[in-house]
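Take a look at the structure below.
The values are calculated or read from the model by the stated rules, or taken from the named source; none is laboratory data. What you see is a predicted model; the values in this text were computed from it and never measured. Methodologically, a virtual Cβ is constructed for each residue, glycine included, from the backbone with ideal geometry; neighbour enumeration extends over all protein chains shown.
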Ligand code: NDP
């Protein structure tokens, strides 16, 4: 396939320019006041319980993969009282909330699901569906006894360091004020749903909900894929065409009388090619240490290592395979950084051209096909993979309402307006994503008050500062479990979390075994780490050439904050190797134990 690179570059920039807007993240609404109802838990009733004022060794905020993986490692390290505090009614995090029809992991289950080897679970499919993933979370919780001390339907509102007693005071919205020697936080970068700031959004008199709070009472059906029979006579609008919409639109298209898909920017939708796991094959690969081997292999493939086999073989590793082949074909004297980046760009143009050709091959109506094509580099937005999404637009009741980058204009009492036309509907479903670029404290819902009364929001006012993405100077005995300033591997978020979990468990075990009551990153170590991060080339994800989205702060230059939103300058493989060596050395360089 030949591509005109100059023409494509121009077209990509034109499409970006159409979508740039000065309000960036402020275009989205915070779900408070009358909009707070969009946050209600449709899955589990809230039950009354007395407030807790006791003490635990470790409190972990967030009961998703981060809390479960860290909790499991802490239990293995001998910490018996780990208390997970979770705003949902059970473990699962994103998989607790997101039960929309068709929810499924986008990264191969064998590397996406944590602790497969430890739990002995064989994922039933290459890309497991939501209910199985939620069940896996419960499995980890049960196997490691993490339910024993957990507090569900509980949100932390404040964390305060009590220097006299070397412990944290944890306050919650349920009146709890308990203490913990150590706190760790894994609240995920994407857990606060947001709504687009469309005028009139509160005027709608029909039914409406956010995809992360799917209302099966209204739609009928369930998250295992039972048909949503109550939509048979309904006209439904779905706003947004990101990774969530790509997964649920095929189900809505089959269920609704009329489905209107309101699109501002098309997603790139590549082949999914899901299949059941063959137990004989799985038995062959699942030899001791298999999951760690697969994790390391996927990460190496994903991040440009040149000489590795590809175990996962999917859309995420496809670009890497192409780049590798191109680089291998370069004469030795041409293997410069510039030529390698060019090979990456050429592979991207080729890949995106194939993804656009796929739209033409699947979608019958040429105009609709034209509007479903993505004009940006593949990693400008979250790449999507699906084998039924594009097909849904061939159904007579499914209508693409493309807004040519402008978005929905208005919501009325009875419908949705785009391009000057009102589409009357009974229900509006917001597939409008989650807060990412907003302040940490706004997303977390609490601030930390560390040593000498310093607040984390002040310490991070000019941008995030950590050692290894985990420890923060001035905040003893507190640990962060998340990708930024660590590996920053976006293609497999759980890999970041499980590694951080190991690191934290080793650190806490060391403190307890040696009778230390405090552990804290030194100022010098934090500064050196931040300097190392800033010495890198920056993130490929945040490119200002990209169409706006949460990967590039909605196209608004975030300044130093953005430059600190990176991972190890030599990439994820280098970070994971470094942190494993750091843990194994037992020297805990950069930390001070007291
Ligand atoms: P996204 O933030 O990716 O998508 C939000 C959508 O809403 C975009 O299409 C956006 O358009 C659109 N939108 C916003 N404002 C308007 C407006 N005014 N008018 C019309 N459309 C509008 O949210 P998702 O929930 O889809 O995904 C969030 C993330 O969650 C993913 O990127 C991924 O990381 C994760 N995820 C993972 C899954 C998995 O692993 N299986 C599945 C689903 C999600 P525009 O693009 O123009 O901004």
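Taken as a whole, the range 141-158 holds no residue that is within 16 Å of the ligand (Cβ to nearest atom) and closer than 22 Å to residue 80 by Cα.
From the list 187, 179, the lone residue that is closer than 18 Å to residue 449 by Cα and buried (at least 22 other Cβ atoms within 10 Å of the Cβ) is 187. Here residue 405 fulfils each of the conditions (1) within 16 Å of the ligand (Cβ to nearest atom); (2) on the phi > 0 side of the Ramachandran plot; (3) without any contact (Cβ under 8 Å) to a residue 40 or more places away in the chain apart from (3).
When residues in the range 118-142 are screened for being in a helix (DSSP H, G or I) and surrounded by fewer than 21 Cβ atoms within 10 Å (Cβ to Cβ), 8 of them pass.
Just to be sure before I move on: is residue 145 surrounded by fewer than 17 Cβ atoms within 10 Å (Cβ to Cβ) and modelled with pLDDT under 95 in the structure I sent? Break it down into steps so the answer makes sense when it comes.
Values: surrounded by fewer than 17 Cβ atoms within 10 Å (Cβ to Cβ): yes; modelled with pLDDT under 95: no.
For residue 145, the condition - surrounded by fewer than 17 Cβ atoms within 10 Å (Cβ to Cβ) and modelled with pLDDT under 95 - is not met.
Please count how many residues of the range 268-300 are within 30 Å of residue 391 (Cα to Cα) and surrounded by 12 or more Cβ atoms within 10 Å (Cβ to Cβ). Quick ask: steps written out before the conclusion?
Initially, the range 268-300 is screened for residues within 30 Å of residue 391 (Cα to Cα), giving 268-278, 298.
From what is left, the residues that are surrounded by 12 or more Cβ atoms within 10 Å (Cβ to Cβ) are 268-274, 277, 298.
Going through the range 268-300 one residue at a time, the tally reaches 9.
Residue 296 meets each of the listed conditions (1) within 15 Å of the ligand (Cβ to nearest atom); (2) within 24 Å of the chain's Cα centre (by Cα) apart from (1). Scanning the range 188-196 for residues that are assigned to a strand (DSSP E or B) and without any contact (Cβ under 8 Å) to a residue 60 or more places away in the chain turns up nothing.
Test residue 238 against the criterion of being surrounded by 15 or more Cβ atoms within 10 Å (Cβ to Cβ) and in a loop (DSSP other than H, G, I, E, B), and give yes or no.
no
Tell me whether the range 203-214 contains one or more residues that are on the phi < 0 side of the Ramachandran plot, outside any loop (DSSP other than H, G, I, E, B) and more than 16 Å from the ligand (Cβ to nearest atom). Yes, there is a match, as at least one residue in the range 203-214 is on the phi < 0 side of the Ramachandran plot, outside any loop (DSSP other than H, G, I, E, B) and more than 16 Å from the ligand (Cβ to nearest atom).
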